[in-house]
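The numbers here are math on the coordinates, done by the rules we state, and not lab data. Treat the numbers as computed from the prediction; the structure is a model and nothing was measured. We place every Cβ from the backbone using ideal geometry, glycine too, and count neighbours over all the protein chains shown.
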């Protein structure tokens, strides 16, 4: 009887223990961004983390034993892949983590070869802030995360079903305003750049919303986002200049530069600063990709003196591109009224002189 009870107890222990032994271990691989939008590394902290004794290194080189599921942030794999190809820091120094990145990626691919892999929402942002600052990208981030990670790892990857974070951390009201304004600048020029570049800009904002970023790092990335947006909106810009006008009807050459890799249609909005000049009609201008052209702006001068033109470049969608430029005008012309008076006076003098000459001749004849 005791023997039977012992066997039953052993079987019960096996049945109870079996589910626990088969429990899936989830391994999270994510790290706040260490790169600017242009791909340059801000520091070399990621290289340290990828080492055998680093946080990310321990997860890959000494993973838990058993049934595993890897949940991986595509942004992290992009950073490590870039590092594995050689890189430099914003300080100008050469990065030291190329070999560590290569070893880490090689070991990761061995680890996941027989395990399940799920993509994490790109950049591991807080859903709260994605909804606040870029609500139209909530589903986009989940969708692109799967395709990007699958392409990077060359392995089947499950799509993320949710965001891992959904809470409000501190972002100042001024930074919120800056981010929103920069996002508008990017959206206004999206039609002029390739889709890959658009994705880079959209995801750069998402990486800023990772709750594990330090305050200093988040502010650094916001400044990088702002400077990139500023450069983007100013790829189309006007050259400075000033003009001396010597005729009542004149065409002024205004130079426009298009730094985008595609053709753009724009119009010039030209407003005189005073009534001394009037501006004629201007046609829609086609700016070839990566080009610089001159647009002839017709003006009529009504009187001499100082004036100027305030000029803006407006896209076909009605958006301002670049900064407005003011062109000073020195008007050194004789107005039509002054010309009439001068001509009239000359005629009167000529007539008077002629009459005087006739009188002298008549006096002599007497």
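If you average 1/r over every pair of different alpha-carbon atoms in the range 58-130 and take one over that average, what Kirkwood value in Å do you get?
Computed over Cα pairs of the range 58-130, the Kirkwood hydrodynamic radius comes out at 14.0 Å.
Take the Cα atoms of the range 98-227, build their convex hull, and give its volume per residue in Å³.
Dividing the Cα hull volume of the range 98-227 by its residue count gives 133 Å³.
Working from the pairwise distances between different alpha carbons, so that the mean of 1/r is found and then inverted, what is the range 124-175's Kirkwood radius in Å?
After inverting the mean inverse Cα-Cα distance, the result is 12.3 Å.
Using a 7 Å offset from the Cα along the Cα-to-Cβ direction at both residue 45 and residue 296, what is the distance between the two label points in nm, to one decimal?
5.9
According to the Kirkwood expression over distinct Cα-Cα pairs, how big is the hydrodynamic radius of the range 157-221, in Å?
For the range 157-221, the Kirkwood estimate is 13.7 Å.
So what's the gap between the Cα centers of the range 101-143 and the range 147-171, to the nearest angstrom?
Their Cα centres are 3 Å away from one another.
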